[in-house]
There are 2 protein chains.
Amino acid sequence: MTGLARTPNQIGNLIRRTRKKRGLSQSQVGARAGLRQETISLIETGNPAAKLETILAVLAALDLEFRIVPRTKGTAADLEDIF
Amino acid sequence: MTGLARTPNQIGNLIRRTRKKRGLSQSQVGARAGLRQETISLIETGNPAAKLETILAVLAALDLEFRIVPRTKGTAADLEDIF
DNA sequence: GCGCAATATAGCAAATGGCGCATAAATGGA
DNA sequence: TCCATTTATGCGCCATTTGCTATATTGCGC
């Protein structure tokens with residue numbers, strides 16, 4: 001599960017899909033990340049003003065991380081280039 | 001220029017290095033991103049409470065983007081920005 | 001349908017971001 | 001070294017986060 005993260009909504013969707021794939025509830029992710037279930041909910045629905053450290057905590061709780069890369073058109077070829 | 005972005009400091013360092021590579025000042029990036037020079041400064045020094053939308057605006061101004069990927073083992077290349 | 005877990009919403013307090021404006025400090029080129 | 005540019009810091013201000021405690025509401029299995 002990897003993907004572009006250009007907007008808060010894209011980030012939230014990816015977090016939600018990954019969380020479900022891991023079989024975790026928002027509360028469980030919140031416990032791992034030191035955040036409340038409500039905060040996870042807000043992030044997954046695309047809160048653009050979420051704090052950076054909050055997003056990073058959620059990603060870590062899901063064994064995910066950001067990678068900063070040159071902007072691409074998001075093709076499969078672009079992904080191969082990086083991994 | 002691609003790199004791990006696991007902490008606010010890593011993100012700030014990558015932004016700064018990319019900005020210099022592009023030959024831009026903080027003010028110029030701020031203008032492109034709709035932010036003040038002071039805000040760019042804070043982000044580059046690793047402000048952990050920066051807003052997600054602010055970070056995304058800066059990345060866009062530098063033709064960068066986030067990619068969300070599974071957490072990796074942190075190779076030397078990934079951690080280059082600590083040197 | 002029922003019922004329980006999961007998710008979304010609400011009000012309040014504390015904390016903090018980013019802006020405007022100003023200015024100090026650091027950096028770099030000639 | 002000098003000076004212009006760049007970067008960092010400070011303060012007041014308003015908006016918004018997140019935590020807390022509760023509570024709707026939705027969703028899913030049976």
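Read-outs: derived from the displayed coordinates by stated rules, not from any lab. The structure presented is a predicted model; accordingly, all values stated were derived computationally and were not measured. Glycine also receives a Cβ, built like all others from the backbone with ideal geometry; neighbour counts cover every protein chain displayed.
If the chain linking A:Thr2 and A:Glu53 were pulled fully straight, counting 0.36 nm for each residue of separation and taking away their Cα-Cα distance, it would gain 16.3 nm.
Distances between copies at A:Arg32, taken between label points 7 Å from Cα along the C-beta direction, are 3.5 nm in increasing order. Comparing A:Gly46, A:Gly34, A:Gly23 in a Gaussian network model of chain A, where Cα atoms under 10 Å apart are tied by springs, the biggest mean-square fluctuation is seen for A:Gly23.
By its C-alpha gyration tensor, with a ≥ b ≥ c as the square roots of the eigenvalues, how is chain B shaped: rounded for a/c under 1.5, else prolate for a/b larger than b/c, else oblate?
Details: a/c = 1.86, a/b = 1.63, b/c = 1.15.
Prolate, because a/c is 1.5 or more and a/b exceeds b/c.
I'd like the FRET efficiency for A:Leu42 and B:Lys21, computed as 1/(1 + (r/R0)^6) with the beta carbon distance as r and R0 of 25 Å, rounded to 0.05. That pair, A:Leu42 with B:Lys21, gives E of 0.10.
At 222 nm, what helix-only mean residue ellipticity would chain B give, in deg cm²/dmol to the nearest 500, using -39500 (n - 2.57) for each DSSP H run of four or more?
Values: 4 runs with 40 residues, N = 83.
Here the helix-only value at 222 nm equals -14000 deg cm²/dmol.
Computed about the Cα centre, the dipole magnitude for segment B:8-66 is approximately 240 debye when only Lys and Arg (+1) and Asp and Glu (-1) carry charge, each at its Cβ. Taking the charge dipole of segment A:8-82 about its Cα centre, with +1 at Lys and Arg Cβ atoms and -1 at Asp and Glu Cβ atoms, the residue from A:Leu64, A:Thr45, A:Ile11 reaching farthest to the positive side is A:Thr45.
Label the protein assembly as shown by shape, choosing from rounded, prolate and oblate, from the square roots a ≥ b ≥ c of the eigenvalues of the Cα gyration tensor; if a/c is under 1.5 it is rounded, and otherwise prolate applies when a/b is larger than b/c, oblate when it is not. Kindly include the intermediate steps, with their values, before the conclusion.
On the way: a/c = 1.74, a/b = 1.39, b/c = 1.26.
Prolate.
Cα to Cα, under 20 Å, and not fewer than 8 places away if on the same chain: which lysines meet these conditions relative to A:Lys51? Qualifying lysines at Cα under 20 Å: B:Lys51.
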